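Chemist: The following block contains the structure, expressed as structure tokens.
The values are calculated or read from the model by the stated rules, or taken from the named source; none is laboratory data. Note that the coordinates shown come from a computational prediction; the quantities given were computed from them, not determined experimentally. Positions of Cβ are backbone-derived with ideal geometry, glycine not excepted, and every protein chain shown enters the neighbour counts. These area figures cover heavy atoms from the full protein model, side chains too; ligands, DNA and RNA do not enter into them. Shrake-Rupley method; radii C 1.70, N 1.55, O 1.52, S 1.80 Å.
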Amino acid sequence: MVSLALSLGMAQDLIRADPDATAQLLSEARSTAVSALADLRTVMHSIHPAVLADRGLAGGLRALALDLALPVTVDGDAPAALPAAVQSAAYLATAECLANAVKHSRATAGGVTLRHDGAVLRIVVTDNGIGGADPAAGLGLRGVMRRLETFDGRLDLDSPAGGPTVITITVPHGPGRLP
Amino acid sequence: MSRMRIVLAEDLTLLRDGLIRLFQAHDFEVVAAVDNGPQLIRDLVALRPDVAVVDVRLPPGYSDEGLRAVLAARQQVPGLPVLVLSQYVEQLYARELLADGLGGIGYLLKDRVSDVGQFIAAVRRVADGGTALDPSVVAKLLDSRRRPLDRLSPREREVLAHMAQGRSNAAIGASLVITERAVGKHTASIFTKLGLQPSEDDNRRVLAVLAYLEG
Ligand SMILES: Nc1ncnc2c1ncn2[C@@H]1O[C@H](COP(=O)(O)OP(=O)(O)O)[C@@H](O)[C@H]1O
Ligand SMILES: [Mg+2]
């Protein structure tokens, strides 16, 4: 963005004196802007994809599942009035589990099921892979667990050697809960 | 050729005005330029433009109003050509746009507008009932493991990627620097390997390929 401003500033300076150099600067500025936008989009998208705001948690997870190198079915729905912070924590937790399934599980299929009542949202993430998911062996699952705890949520693992892996994410969403 | 009538939906004043000027300079008639979803549906259905260029994100909700408006309008006017622009592209949205199988669909990243020549060509192609899919959506479609494309040669995959963007055999030949005949041969082989019905018509070929990739 700094180099973009610089190119534009120089172009403004040169526009009368040297139109050819100006054209060159503007073309550089354009490619800088385009690649800066692409970088920004990638970062923003992994943290908070717009489709999450558009379509809610289940829609966001459906969109995510389509992009994975593993067939994953998404079933069920989230409460309509899910607080944004809870939605985001639940999304990132599920995304981490799915990323793990792609990276570590050697599964051929996965699934996400969303269920909720007046008090809690429960998301079950499964894969038919080799099992052995272990929070002590990495940072991803532990980070997710810590994040969920701040919402009184939790993540429970059932991942015996030989599989399958079943991970249950539980987050309270009802009124009267701590923020 | 009479001037193409276009409806434009973009809420950012600066970009809207820029696009209006761009289209006028390329001999389109901008019959309406709107900045919100409900107005867009009304204008699309009432004015029946040759093509619409629509930002996904529009007031009042600033979520996917533009996309929803387009889908609603195409329910009433089947095949109404629309090119949707977005800050990011989602396979989910591409699939929703393509679901009716009628063609006349474009879905591009907003920054593609900065390549004016290609952008205008994409708008014209969509107006013609063709397709203009962003290369990044196509890459995602090709990446999904559900449909193994291993049977295709590297060159055939390349041709397939271009075809899925909605490009004609002539345009593919030009960008891969091979003859249109050679593209035709690759296309025929791709269709055989994927078990698809061949077709002489560019648009229909593209739709067949997309239907296959969406699995
Ligand atoms: N779905 C899974 N199937 C098999 N193993 C898994 C799965 N998820 C996680 N694991 C194992 O648990 C470890 C810890 O996961 P995680 O905390 O996400 O760390 P990371 O993904 O960074 O290695 C992984 O390194 C992997 O060995
Ligand atoms: Mg991990």
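Chemist: For the stretch A:42-51, give me each residue that is within 10 Å of another protein chain (Cβ to nearest Cβ) and either at pLDDT 90 or above or in a helix (DSSP H, G or I) (or both).
Modeler: A:T42, A:M44, A:H45, A:A50, A:V51
Chemist: Which of the residues that make up the stretch A:63-86 are within 14 Å of chain B (Cβ to nearest Cβ), outside any helix (DSSP H, G or I) and either in contact with a His (Cβ under 7 Å, 6 or more places away or on another chain) or not acidic (D, E) (or both)?
Modeler: A:L68, A:A69, A:L70, A:P71, A:V72, A:T73, A:V74
Chemist: Scanning the stretch A:66-86 for residues that are hydrophobic (A, V, I, L, M, F, W, C) and over 19 Å from A:T165 (Cα atoms), which turns out nearest to ligand 1 (Cβ to nearest atom)?
Modeler: Selected residue: A:L66.
Chemist: Which residue out of B:A132, B:A170, B:A164 is away from chain A (no Cβ under 14 Å) and surrounded by fewer than 18 Cβ atoms within 10 Å (Cβ to Cβ)?
Modeler: Exactly one residue qualifies, and that residue is B:A170.
Chemist: I've got another one for you. B:L141 fails exactly one of the following numbered conditions: (1) closer than 17 Å to B:L67 by Cβ; (2) open to solvent by less than 30 Å² (accessible area, probe 1.4 Å); (3) within 11 Å of chain A (Cβ to nearest Cβ). What is the number of that condition?
Modeler: Just one mismatch for B:L141, condition (1).
Chemist: When you look at A:L98, is it within 13 Å of ligand 2 (Cβ to nearest atom), at pLDDT 95 or above and open to solvent by less than 10 Å² (accessible area, probe 1.4 Å), yes or no?
Modeler: In short, yes.
Chemist: If the Cβ limit is 6 Å and pairs must be 6+ apart or interchain, which residue in the stretch A:102-125 that is open to solvent by 40 Å² or more (accessible area, probe 1.4 Å) pairs with which residue that is within 16 Å of ligand 2 (Cβ to nearest atom)?
Modeler: A:V102/A:L68; A:V102/A:A69; A:V102/A:L70; A:R106/A:G129; A:R106/A:I130
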